[in-house]
Amino acid sequence: MTRTRRGFLPSLTIKERPRAKRDSMARRKLVYEGKAKILYEGTEPGTLVQYFKDDATAFNAQKKGTINGVLNNRLSEFFMNGLQSIGIPTHFIKRLNMREQLIRQVEIVPLEVIVRNYAAGTMAKRLGMDEGTALPRPIVEFSYKDDSLGDPLVPEEYIIAFGWASQQDLDDIIALALRVNDFMSGIMYGVGIKLVDFKIEIGRVYEGEFMRLIVADEISPDSCRLWDIETGKKLDKDVFREDLGSLSDAYTEVAKRLGVMPSNSAPMPKPTLIN
Ligand code: 5GP
């Protein structure tokens with residue numbers, strides 16, 4: 001049975017749902033489809049609906065698999081709400097359902113902003129460093145967002161010369177990224193997880209004559225490296241990139257430790273055997 005404002009209706013399958021409702025879902029205007037998410041026109045001007053898919057890709061979409069879009073939606077909500085609660089502006093407005101959230105429409109700065117606390121991934125490879133080496137301080141770097149080029153690392157000089165962002169924007173973006181790092185590192189440390197590195201995207205919003213830079217896209221184990229502090233076990237998308245086991249189990253572990261979806265993700269108790 002389904003509760004409605006007017007009372008109870010028998011549960012309906014998708015096929016049985018009233019035509020008007022099906023049609024309104026179908027008519028929703030697609031704005032953009034990426035590798036892991038879809039953006040639809042939002043309910044109010046200046047908003048979008050961000051839908052989390054189950055598609056996992058790595059190595060510039062050369063490797064394909066499945067991920068848990070429901071968990072990413074919940075985890076991104078958790079992190080974005082946390083950032084907002086300490087005064088870091090984000091695009092997040094509210095979660096709509098299991099796979100969708102309402103967000104502010106932004107003009108995406110065409111950069112991937114990466115913050116690193118320990119050497120790993122492309123940095124470890126590029127510099128021949130051992131994975132896990134602590135860096136002398138958090139390092140912020142930028143990649144140019146272009147899948148066809150494999151999101152190449154770019155120096156600030158390029159960013160300013162090509163007009164992707166101004167020097168002032170970059171100073172603000174670095175300050176924002178370091179605040180996100182402090183918040184995320186603390187939250188993760190509290191649940192026994194080391195935040196090795198992460199990627200965020202930044203959007204511009206215009207308010208009258210002013211432009212503000214805010215955190216956009218998503219923050220989830222898809223865009224972070226998360227290692228268990230005690231065991232070093234990887235709890236992020238590297239599990240998929242490196243075939244280390246079940247990605248869903250890794251993300252569920254992160255969600256459980258953070259207290260996100262505690263009731264949904266609690267394992268079913270095993271039956272008690274009676275002699
Ligand atoms: P690396 O440059 O070592 O491959 O990645 C650094 C960090 O940024 C990692 O946490 C990685 O997950 C994240 N990252 C880099 N590029 C992307 C990307 O295109 N998509 C996502 N979701 N994360 C990325």
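Odds and ends about this structure:
- Just checking the listed ones, E201, E242, E33: in the Gaussian network model of the chain with Cα springs under 10 Å, the one fluctuating most is E242.
- Sparse-neighbourhood loop sites, chymotrypsin sites (Phe, Trp or Tyr not before Pro) in the range 132-174 - DSSP loop, at most 15 other Cβ within 10 angstrom: F162
- Solvent-accessible surface ranking, highest first, for S185, S85 at 1.4 angstrom: S85, S185
- When S166, S143 are compared by accessible area of protein heavy atoms, the largest-first order is S166, S143, using a 1.4 Å probe.
- Close amide H contacts of R225 (hydrogens built in the peptide plane, cut-off under 5 Å, sequence separation of 5 or more or a different chain): V196, D197, F198.
- For the chain, alpha-carbon Rg relative to the globular expectation (2.2 N^0.38 Å, N residues): 1.10
- Among the listed pairs K194/K256; K37/K194; K29/K63; K35/K237; K37/K125; K125/K256, a Cα-Cα separation exceeding 23 Å is found for K37/K194; K29/K63; K37/K125; K125/K256.
- Within the shell of other residues whose beta carbon sits under 12 angstrom from the beta carbon of V115, the net charge comes to +1, with Lys and Arg scored +1 and Asp and Glu -1.
- Accessible area per residue, Å², the range 15-161 with all protein chains present, probe 1.4 Å: 56 Å²
- Within the range 149-168: backbone nitrogen closer than 11 Å to the A175 label point (7 Å, Cα to C-beta): 168
- Taking amide H atoms as placed 1.01 Å from N in the peptide plane, the amide H of I193 lies under 5 Å from those of I229, each 5 or more residues away in sequence or on another chain.
- Estimated FRET transfer efficiency (I108, L135; beta-carbon r; R0 25 Å; 0.05): 0.40
- GNM top mover of A175, A56, A161 - the chain, alpha-carbon springs below 10 Å: A161
- Ordering V191, S166, P138 by Cα displacement along the dipole of the chain toward the positive end leaves V191 in first place; charges were set at the Cβ atoms of Lys, Arg (+1) and Asp, Glu (-1).
- Of the DSSP H helices in the chain, those that are both long (alpha-carbon extent of 15 Å or more along the helix axis) and hydrophobic (Kyte-Doolittle mean at least 0.0) are 167-190.
- Taking the accessible area of the chain, probe 1.4 Å, and keeping the other protein chains in place, the carbon and sulfur fraction comes to 54%.
- Loop-resident chymotrypsin sites (Phe, Trp or Tyr not before Pro) (DSSP state other than H, G, I, E or B) in the range 34-111 with no more than 13 further Cβ atoms inside 10 Å of their Cβ: F59.
- Mean residue ellipticity (222 nm) of the chain, computed from DSSP H runs ≥ 4 via -39,500 (n - 2.57), nearest 500: -9000 deg cm²/dmol
- The heavy atoms of R28 present about 80 square angstrom of accessible area, all protein chains included, probe 1.4 Å.
The values are calculated or read from the model by the stated rules, or taken from the named source; none is laboratory data. Since this is a predicted model, take the numbers as computed values, not measurements. Cβ coordinates were reconstructed from backbone atoms using ideal geometry, including for glycine residues, and neighbour counts include every protein chain displayed. Heavy atoms of the whole protein, side chains included, go into the accessibility calculation; ligands, DNA and RNA do not. Shrake-Rupley method; radii C 1.70, N 1.55, O 1.52, S 1.80 Å.
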